[in-house]
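Peer 1: My questions will all concern the structure given below.
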Amino acid sequence: QVQLVESGGGLVQPGGSLRLSCAASGNIFSIYAMGWYRQAPGNQRELVAVISSGGRTNYADSVKGRFTISRDNVKNTVYLQMNSLKPEDTAVYYCNADRVRTYSGSTHNYWGQGTQVTVSS
């Protein structure tokens, strides 16, 4: 069984910074892509940023230049550095691991439990 454990959310003032972490654990052979999504009340879940095993990244237009995604393939951990935070960044942030291949031969997509990020003065 594969689990994703997120950390780093919280309350921050506008203009502040937070760093999210997500560690994948279990019988993991490889992970194709890891990313962050967010969902604000009343909204659909949306992509924030994603990074492939080779380091290619993709960002939502709303976070380009402010957020940076990075990944440690040895630790199966993905990070999201969030700078210049705005109130509209307030949401539950979910970690995603795409095409996780296990040593038992299965391949699945996994989600973390979510971590709350609140940007408010």
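Peer 1: Residue by residue through the range 57-72, what is 3J(HN,Hα) from phi via Karplus (6.51 cos²θ - 1.76 cosθ + 1.60, θ = phi - 60°)? Round to whole Hz and write x for glycine and proline.
Peer 2: Per-residue couplings from phi come out as 10, 9, 10, 5, 4, 5, 10, 4, x, 10, 10, 9, 9, 9, 8, 10 Hz.
Peer 1: Check T90: other-chain or 5+ apart residues with amide H under 5 Å from its amide H, H built from backbone geometry?
Peer 2: HN-HN under 5 Å from T90: V119.
Peer 1: Can I ask one more? Keeping every protein chain present and rolling a 1.4 Å probe, give me the accessible area per residue for the chain in Å². All intermediate terms of the calculation are to be shown ahead of the outcome.
Peer 2: Details: 6410 Å² over 121 residues.
That works out to 53 Å² per residue.
Peer 1: Skipping prolines and chain starts, which residues have an amide H placed within reach, meaning under 5 Å, of the one on N58, given they are 5 or more residues away or on another chain?
Peer 2: Here V50 satisfy the definition.
Peer 1: Same structure, new question: In whole Hz and in residue order, list the ³J(HN,Hα) couplings for the range 95-108 that follow from phi through the Karplus curve 6.51 cos²θ - 1.76 cosθ + 1.60, θ = phi - 60°; x for Gly and Pro.
Peer 2: For the range 95-108, the Karplus curve yields 8, 10, 10, 9, 6, 7, 9, 9, 5, 7, x, 7, 9, 9 Hz.
Peer 1: With labels modelled as points extended 7 Å from the Cα through the Cβ direction, what inter-label distance (nm, one decimal) is found for S120 paired with R19?
Peer 2: Label at S120, label at R19, 2.6 nm between them.
Peer 1: Dividing the Cα convex hull volume of the chain by residue count, how many Å³ per residue is that?
Peer 2: On the way: hull volume 10.8 nm³, N = 121.
Taking only Cα atoms, the chain has a hull volume of 90 Å³ per residue.
Peer 1: Next question. Carbon and sulfur atoms: what percent of the 1.4 Å accessible area of the chain do they account for?
Peer 2: The value for the chain is 46 percent carbon and sulfur by accessible area.
The values are calculated or read from the model by the stated rules, or taken from the named source; none is laboratory data. Since we're looking at a predicted model, the values are computed, not measured. Cβ coordinates were reconstructed from backbone atoms using ideal geometry, including for glycine residues, and neighbour counts include every protein chain displayed. For accessibility, only protein heavy atoms count, side chains too; no ligands or nucleic acids. Shrake-Rupley method; radii C 1.70, N 1.55, O 1.52, S 1.80 Å.
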